[in-house]
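The values are calculated or read from the model by the stated rules, or taken from the named source; none is laboratory data. Note that the structure is a prediction, hence the values are computed from the model and not measured. A quick note on method: Cβ atoms are made from the backbone with ideal geometry, for glycine too, and the neighbour counts reach across all protein chains shown.
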Amino acid sequence: MHDTVDSLVEETGCRIENPLSMKLRESIQNAQWQKALELIEKIRFHLTEKQYFAVRVILLEEKFKELVARGENLTALRVLQIEYPKCQELRSRLELLSTQLCSSAASQIFQRECADSETVSIHILNVLRRLLPPSIMLPPNRLQELLKQSWLYQTKQCDLHVLSREQNVLDDRAILVDHQCSSREFPSKNTCTLYMHNAEVWCVKFSPCGHFIASGAKGNQVLVWKVESPTKVNVFQSMQILQDVHAIGSISWSYDSRYLAVCAAEQPNVTGCFIYYVPSGRLVKEYTRFTGDSFASVSFFKDKSHKLACAGQKGHFHVY
């Protein structure tokens, strides 16, 4: 790895990181704010005036907070009087810090922050990484992040990739070869055919848990199937919309696979959205808009709120 790093530095002309930035990071992690300010002065010629100004203000405020937390109010006052910038844009900020010198509540807050110095240091480092150029301070795990981005891009370009983003885990081969799913890993063979509907099927959807399938056909029938195995699927519930509808146009599962929302296809008569409790097949709720509009599409929210959105034929959306 050392030879690889040396080759990259030689070919790109870019060092891994400025040596002073390593000392700066250590100073911030150890809450040594005065030392961090001294290091910023040493790398000032690498920064724009705006970057230098912003970083210095952040470090001075942390130094001020630490002094107030230790009860060194006189020293903290000198920081505001001598070191803190006196520009117009920071005037209100300077006034706020001045009032905090006389506030016991502010002192207690600063003491709690100092006690949790690790969290404060991480926050300050994250802010500085956004302000400082990458030649001074690289983001953490930058190489790992680039490899992950490359991996996600490759899986996105793969026509046979079926895993969700959360399942896209960077594997050991990603550095050596480009990603490409084999057709053997893709579900391409029919293992089961379902014939229970007496008319053409208009919509089919798996439940989030993967154990059920809901299907809607021409007419008013909705079937819920239970997947016993890849080759065995049985009818679990049979439900009907108690209205004269042309076909089932939209179905949606709740996040916990317990409720099924059903809407009819486009209808001349007014129809609503029907919510069924899957374990019993019972209709638990019907949402109808008495505006001459029919719901033609429905979708549950993906969170745990059991909210759902319905869309009407006239372009109106309703959330329940």
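Restricting Tyr287, Tyr255, Tyr259, Tyr277 to those that are surrounded by 14 or more Cβ atoms within 10 Å (Cβ to Cβ), at pLDDT below 85 and among the hydroxyl-bearing types (Ser, Thr, Tyr) reduces the list to Tyr287. So which residues in region 17-69 are touching a residue at least 24 places away in the same chain (Cβ under 8 Å) and of a type in the set (Lys, Arg)? Listed by number, the residues that qualify are Arg25, Arg56, Lys63, Lys65. Would a scan of region 137-152 turn up a residue that is under 24 Å from Leu47 (Cα atoms), touching a residue at least 24 places away in the same chain (Cβ under 8 Å), out of contact with any strand residue (DSSP E or B) (no Cβ under 9 Å at 6 or more places or on another chain) and not in a helix (DSSP H, G or I)? The answer is yes; a qualifying residue exists.
Residue-wise test of (1) at pLDDT below 75; (2) touching an Asp or Glu at 6+ places or on another chain (Cβ under 8 Å); (3) outside the structural domain of Phe236 (by TED's automatic domain parsing); (4) within 30 Å of Val245 (Cβ to Cβ).
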{"residue": "Ala115", "(1), (2), (3), (4)": "yes, no, yes, no"}
{"residue": "Glu118", "(1), (2), (3), (4)": "no, no, yes, no"}
{"residue": "Leu128", "(1), (2), (3), (4)": "no, no, yes, no"}
{"residue": "Leu132", "(1), (2), (3), (4)": "no, no, yes, no"}
{"residue": "Lys148", "(1), (2), (3), (4)": "no, no, yes, no"}
{"residue": "Val177", "(1), (2), (3), (4)": "no, no, yes, no"}
{"residue": "Thr193", "(1), (2), (3), (4)": "no, no, yes, yes"}
{"residue": "Ala214", "(1), (2), (3), (4)": "no, no, no, yes"}
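The sole residue among Gly210, Gly219 that is surrounded by fewer than 16 Cβ atoms within 10 Å (Cβ to Cβ) and at positive phi is Gly210.
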